[in-house]
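K.L.:
To start, I am sharing the structure in question, which I have written as structure tokens.
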Amino acid sequence: MRADLERIRHDALADLDRCADEAALEEARLRYLGRKGELTAVLRGMREVPEAERPAMGELANTIKVEVEERLAAIRRRLEEERLAKSLAEERLDVTLPGIRLPRGRVHPLMQVQEEVTGIFVAMGFEVAEGPDIEDDYHNFEALNIPRDHPARDMQDTFFVSEDRVLRTHTSPVQIRVMESRQPPLRVIAPGAVYRQDDDVTHSPTFHQIEGFWVDERITFGDLKGVLSEFLRRFFGPGTRVRFRPSFFPFTEPSAEVDIGCVLCGGSGKQADGAACRMCKQSGWVEILGSGMIDPNVFGFVGYDAERFSGFAFGVGVERLAMLRYGIGDIRLFYENDLRFLRQF
Ligand code: DAH
């Protein structure tokens, strides 16, 4: 028995020393210390050892077991450290190497203009609101004082989704939605996409508008003129000439269209070669937005007291602002997504 134990000790330590990785080490452990291992078998056979020899034999077997276990633990620790060191070396990163530069996108020119306009109004104390692109007849037309037989509802203009639902033809329904759910004072700007069956060099079936309105006690047409003039001068430059022309919209009374001095000919109506300016068709002015004092009927629809509150509203086309600002003649350039065009902004 003693000879057996000495041989196992010798073999086990030699085997352990030879292990090159953790898998081999585990195999060796099972070979000697596992449930069916050699050392385990000897310990189990202790019963057959004559009683007188048993304590000495038991002690020796235990010493060997402890010795093998300690060697095993030491080798396991060394192999683990080696594995860690190796993976640290292999996965080392040189953080000083130059990176791979990814091509950077940019904000679409229409959204740049939308953000700029929104920013100007936010600086004047307006908040931003949104409404759904699919509107019901009531919000898109009815509550804006556009009666059943009004030409604006004509099939030729409006995309109908169902009998009662349309793709909104303007951002004005956001006025109704905000006023329905809140009380004045309100100073709100509502940018978004709008849809009409229209398609030529200056009209697209999808385009963008920014609606704005201010409702409080004692808001006057003077406030409308002041706010819109200030906006146009901030957007087109401090020297911009602004003119208010009487007009008609069902949801405002009185209504005004707003023109600015032509950005192409500077208001002279003529091009450098003496021909009529193609932008303003010789008038020296270009129309830029629609506006007016909110009609008392509209206040009626949202349950406001028209004796107590007054307000103005306006709507401006984002494409139109961008075309005038950048001298772009064809609206389709905004939607073709030709990078040679988009990169210029
Ligand atoms: N909703 C009008 C349109 O799409 C634009 C407009 C005109 C909005 C006058 C207004 C306004 O709020 O007061 O043509």
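K.L.:
Which members of region 32-85 meet the condition of being closer than 15 Å to Asp4 by Cβ and of a type in the set (A, V, I, L, M, F, W, C)?
P.N.:
Leu39, Ala41, Val42, Leu43, Met46, Val49, Ala56, Met57, Leu60, Ala61, Ile64, Val68
K.L.:
For residues that are β-branched (Val, Ile, Thr) and at pLDDT 90 or above, tally how many sit in region 69-99.
P.N.:
Of the residues in that region, 2 qualify.
K.L.:
Take Val68 and decide whether it is surrounded by 10 or more Cβ atoms within 10 Å (Cβ to Cβ), out of contact with any Gly (no Cβ under 6 Å at 6 or more places or on another chain) and assigned by TED's automatic domain parsing to the domain that holds Thr171.
P.N.:
No, not satisfied.
K.L.:
Still on this structure: Please give the number of the condition Ser181 fails out of (1) within 12 Å of the ligand (Cβ to nearest atom); (2) over 17 Å from Gly317 (Cβ atoms); (3) hydroxyl-bearing (Ser, Thr, Tyr).
P.N.:
Tallying (1) within 12 Å of the ligand (Cβ to nearest atom); (2) over 17 Å from Gly317 (Cβ atoms); (3) hydroxyl-bearing (Ser, Thr, Tyr), Ser181 fails exactly one: (1).
K.L.:
Right, another one. Go through region 29-68 and report how many residues are charged (D, E, K, R), more than 60 Å from the chain's Cα centre (by Cα) and assigned to a helix (DSSP H, G or I).
P.N.:
Adding up the residues that qualify gives 9.
K.L.:
Restricting to region 121-154, name every residue that is farther than 18 Å from Pro250 by Cα, surrounded by fewer than 19 Cβ atoms within 10 Å (Cβ to Cβ), of a type in the set (A, V, I, L, M, F, W, C) and in contact (Cβ under 8 Å) with a residue 40 or more places away in the chain.
P.N.:
Val122, Met124, Val128
K.L.:
Let me ask something additional. Conditions first: (1) charged (D, E, K, R); (2) loosely packed, with under 15 Cβ neighbours inside 10 Å; (3) away from the ligand (no atom under 16 Å from the Cβ). Arg241 passes all but one, so which condition is the exception?
P.N.:
(2)
This table checks each residue for (1) buried (at least 20 other Cβ atoms within 10 Å of the Cβ); (2) over 18 Å from Glu142 (Cα atoms); (3) within 24 Å of the chain's Cα centre (by Cα).
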{"residue": "Asp164", "(1), (2), (3)": "no, no, no"}
{"residue": "Ile176", "(1), (2), (3)": "yes, no, no"}
{"residue": "Pro184", "(1), (2), (3)": "no, yes, no"}
{"residue": "Ala193", "(1), (2), (3)": "no, yes, yes"}
{"residue": "Ser204", "(1), (2), (3)": "no, yes, no"}
{"residue": "Gln209", "(1), (2), (3)": "yes, yes, yes"}
{"residue": "Trp214", "(1), (2), (3)": "yes, yes, no"}
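K.L.:
What are the residues in region 1-25 that are outside any helix (DSSP H, G or I) and within 60 Å of the chain's Cα centre (by Cα), if any?
P.N.:
Cys19, Ala20, Asp21
K.L.:
Check region 106-120 and report whether any residue there is of a type in the set (Gly, Ala, Ser) and more than 30 Å from Phe213 (Cα to Cα).
P.N.:
The answer is no, given that none of the residues of region 106-120 is of a type in the set (Gly, Ala, Ser) and more than 30 Å from Phe213 (Cα to Cα).
K.L.:
Follow-up question, since we're still on this one. From Leu93, Leu102, Leu88, which residue is over 29 Å from Val166 (Cβ atoms), in a helix (DSSP H, G or I) and out of contact with any helix residue (DSSP H, G or I) (no Cβ under 6 Å at 6 or more places or on another chain)?
P.N.:
Matching residue, one of Leu93, Leu102, Leu88: Leu88.
K.L.:
Could you tell me how many of the residues in region 1-19 are in contact (Cβ under 8 Å) with a residue 24 or more places away in the chain and loosely packed, with under 11 Cβ neighbours inside 10 Å?
P.N.:
Total satisfying the criteria: 1.
The values are calculated or read from the model by the stated rules, or taken from the named source; none is laboratory data. Please read all numbers here as calculations on a predicted model, not as lab measurements. Cβ coordinates were reconstructed from backbone atoms using ideal geometry, including for glycine residues, and neighbour counts include every protein chain displayed.
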